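Reviewing the structure listed below.
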Amino acid sequence: MSRRGAARVLEADVCVIGAGAGGAVVAAELAEGGADVVVLEQGPRHDADRFSARPIEMMARLYRDGGQGMTLGSPPIILPLGRGLGGTTLVNSGTCFRTPAPVLERWREAFGLEALTEQALDPCFARVEQALSVAEVTPELAGANAAVARRGAEALGWSHGYLRRNAKGCVGSGVCAFGCPTSAKQHTGIMYVPRAEAAGARILTGADVRRIVVEGGRARGVEARVAGGRLEVRAPDVVVAAGTIHTPLLLARSGLGATSGQLGRNLALHPATAAFALMDEVVDMAKGVPQSFYVDEFAAEGIIFEGVAGPPSYVAMSLPLTGRRHAEAMANYRHLAVFGLMVSDSSRGSVRALGGRPLIRYDLEEADVARFRVGIARLEQLLRAAGAREVYLPLPHGVAPERARARDLKPMAFHPLGTARADARPAHGVVDGELALHGVRGVHVADGSVVPSSLGVNPQLTIMALATRLAFSMLGRDVPGATTDAEVPCPS
Ligand SMILES: Cc1cc2nc3c(=O)[nH]c(=O)nc-3n(C[C@H](O)[C@H](O)[C@H](O)COP(=O)(O)OP(=O)(O)OC[C@H]3O[C@@H](n4cnc5c(N)ncnc54)[C@H](O)[C@@H]3O)c2cc1C
Ligand code: SF4
């Protein structure tokens, strides 16, 4: 390291910005492949020994803005993001889905992403799944809340199953979203960051990247703010992985990615809501894996049900009731069950900087409101089929699902995607199918922002598989286990 004026200067082959789902994976694979890597992460390094499992306290520590990020629009949507080594994987539920085949097909047709076939991505997914010990939740660990949903789905004959997760040695403590106290959840901060460090990568936390430096159409490095001053990393390759909300802001303030007019646009959120049920049986939803079971009967309509659950303080914040009804429901906490629904959205929002912070605009269009109406009605059906005595819908008192308007919904969103979308055509996307920024050499993007549409399922595995593919392509090697063109059997 050398000093020049007030700025510390580091030299590297690759500078990776952000250590979440995309950044940590790309950094580890590159470092293990022999590249000299510097990772700059804005948030801190979190120590699981200090995880208290208390929602309010942990949200303040692990989430950006305490988890209170919001969109502006109708309806406003809470959009929580993680911050620190592991990024949002630190606070996520651990659910693992591969990109559904019909989604990949649509990407090929709509965005010219010809190389992203199921077959081509298979070794990338397999490598991530192995690294993260992805496995199906057992019924015992899934807990009584999942058993309620399963009973309902079986009674109705709806397609369902236990989710696949990256949680090795999970004890079902039920607080995945507030920092796994046992480190069972294999988030990238404990699985990929240590691998990167062991392979020689330098990981700097508290490093807020302000600008990517490009000269003569080629990346030269980045400039960041760190405790005590400024930092320059000089590197011919930069991988941006600051996440769907912050990557477009960073590219914009670096004067990059604007040619297509798509930077910061095409924001898909996969908005979600949940309904509670009062059961005769004791559910004790805080025991067991909160997100362990799914119902995908209506996936083709863009509606998927997935478990959510939490301790009493979480339920008190989430119950769609007020006053005496809220107090009565909370008094019956041990008999409460809850299940979530997510809508594969066709609405699109945008993000831009206002006063240095992200301003996120997103209006739920009528087609998605209609999906919510149908989804909430079916969620009620599911819970009643499971034997619910009462169902508490996420709607104002007296509003039936079929009459719900956008402003009646109180969605949250956990899966922002698309603000630097991949499209083979420079006039339509910010990066190409290889995740390289159109028109610039040496800048790649490896996070949710490149995913060009809503997936209909949880996105972490898609982001990690794309990051794996990018790392090996930057190293000029095949992903281990990849089938080369010569080996692809010819259809006869
Ligand atoms: C509560 C919750 C539950 C979820 N559950 C699931 C689930 O079960 N399964 C699933 O597949 N997905 C889940 N997700 C979503 C999933 O975790 C994210 O889609 C994924 O982590 C996004 O990866 P990313 O690389 O785009 O960004 P992130 O993982 O958010 O990482 C971005 C990183 O970049 C850093 N950064 C930002 N700006 C800068 C800057 N200027 N300089 C340096 N660093 C910067 C951030 O601090 C952050 O650490 C969940 C999300 C939430 C909020
Ligand atoms: S249920 Fe508990 S032990 Fe299992 S992954 Fe979540 S927080 Fe960790």
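The values are calculated or read from the model by the stated rules, or taken from the named source; none is laboratory data. Just so we're clear, the structure is a prediction, and the values are computed from it rather than from any experiment. We place every Cβ from the backbone using ideal geometry, glycine too, and count neighbours over all the protein chains shown. Calculation scope for accessible area: heavy atoms of the full protein, side chains included, ligands and nucleic acids excluded. Shrake-Rupley method; radii C 1.70, N 1.55, O 1.52, S 1.80 Å.
Note on the chain: dipole from Cβ charges, positive end direction compared against Leu250, His415, Ser133; the farthest Cα belongs to Leu250. The dipole here belongs to the range 374-492: it is taken about the Cα centre, uses +1 on the Cβ of Lys and Arg and -1 on the Cβ of Asp and Glu, and is about 540 debye. Here, the range 338-484 yields an orientationally averaged convex hull projection of 13.2 nm² when only Cα atoms define the hull. The separation of the range 409-431 from the range 305-353, counted between C-alpha centres, amounts to 26 Å. In a reduced charge model with +1 at each Lys and Arg Cβ and -1 at each Asp and Glu Cβ, the range 342-428 shows a dipole moment near 200 debye about its Cα centre.
Which value, in debye to the nearest 20, gives the size of the charge dipole of the range 303-379 about its Cα centre, when Lys and Arg are +1 and Asp and Glu are -1 at the Cβ? All intermediate terms of the calculation are to be shown ahead of the outcome.
On the way: 10 positive and 7 negative charges, 39 e Å.
Its charge dipole is roughly 180 debye.
Over all orientations, the chain has a Cα convex hull whose mean projected area works out to 23.6 square nanometres. Ligands, DNA and RNA left out, the 1.4 Å accessible surface of the chain is 51% carbon and sulfur atoms.
Which helices pass in the chain if a helix is a full DSSP H run, must span at least 18 angstrom along its long axis by Cα, and must have mean Kyte-Doolittle hydropathy not below 0.0?
Values: long enough: 118-131 (19 Å, -0.35); 139-156 (24 Å, 0.14); 366-385 (28 Å, 0.09); 460-475 (23 Å, 1.34).
Those that pass (Cα extent of 18 Å or more, hydropathy at least 0.0) are 139-156, 366-385, 460-475.
Taking 15 Å as the cut-off, the amide N atoms of the range 188-214 that come nearer than this to a point 7 Å along the Cα-to-beta-carbon line of Arg225 belong to 206-212. Here, P(r) means the percent of Cα pairs in each 5 Å bin from 0 to the largest distance; for the range 298-422 it is 2, 9, 17, 20, 19, 14, 10, 6, 3, 1, 0.
DSSP bridge analysis restricted to the chain gives an antiparallel fraction near 70%, rounded to the nearest 5. According to the square roots a ≥ b ≥ c of the eigenvalues of the Cα gyration tensor, what is the shape class of the range 16-80, taking rounded for a/c under 1.5, prolate for a/b larger than b/c otherwise, and oblate for the remainder? Cα axes put the range 16-80 in the oblate bin.
What does the C-alpha gyration tensor say about the overall shape of the range 73-182? Classify as rounded when a/c is under 1.5, otherwise prolate if a/b is larger than b/c, or oblate. Taking the square roots of the gyration eigenvalues as a ≥ b ≥ c, the range 73-182 is rounded. Distance from the alpha carbon centroid of the range 232-296 to that of the range 150-165 works out to 26 angstrom.
I need to check one value: relative contact order of the range 94-193, counting alpha carbon pairs closer than 8 Å and at least 6 residues apart, in percent. Rounded, it is 34 percent for the range 94-193.
Given the rule -39500 (n - 2.57) for each run of at least 4 DSSP H residues, summed and divided by the residues of the chain, what is its mean residue ellipticity at 222 nm, to the nearest 500 deg cm²/dmol?
-8000 deg cm²/dmol
Extending 7 Å from the Cα toward the beta-carbon at both Ser346 and Arg54 defines two label points whose distance is 4.7 nm. Between the residues Val374, Ala235, Trp158, the greatest Cα displacement towards the positive end of the dipole of the chain, with unit charges on the Cβ of Lys, Arg, Asp and Glu, is found for Ala235. Considering only Ala167, Leu470, His397, and ranking their Cα positions along the charge dipole of the chain that arises from unit charges at the beta-carbon of Lys, Arg, Asp and Glu, the one farthest toward the positive end is His397. Using only the Cα atoms of the range 225-316, build the gyration tensor, take square roots of its eigenvalues as a ≥ b ≥ c, and label the shape rounded, prolate or oblate: rounded if a/c is under 1.5, else prolate if a/b is larger than b/c, else oblate. Prolate shape, in that a/c is at least 1.5 and a/b is the bigger ratio. How large is log10 I(q)/I(0) at q = 0.20, 0.27, 0.29 Å⁻¹ when the Debye formula is applied to the Cα atoms of the range 47-93, each weighted equally and without solvent? Rounded to two decimals, the profile gives -0.66, -1.01, -1.10. Note that the chain presents 40 Å² accessible area per residue, ligands and nucleic acids not counted, probe 1.4 Å.
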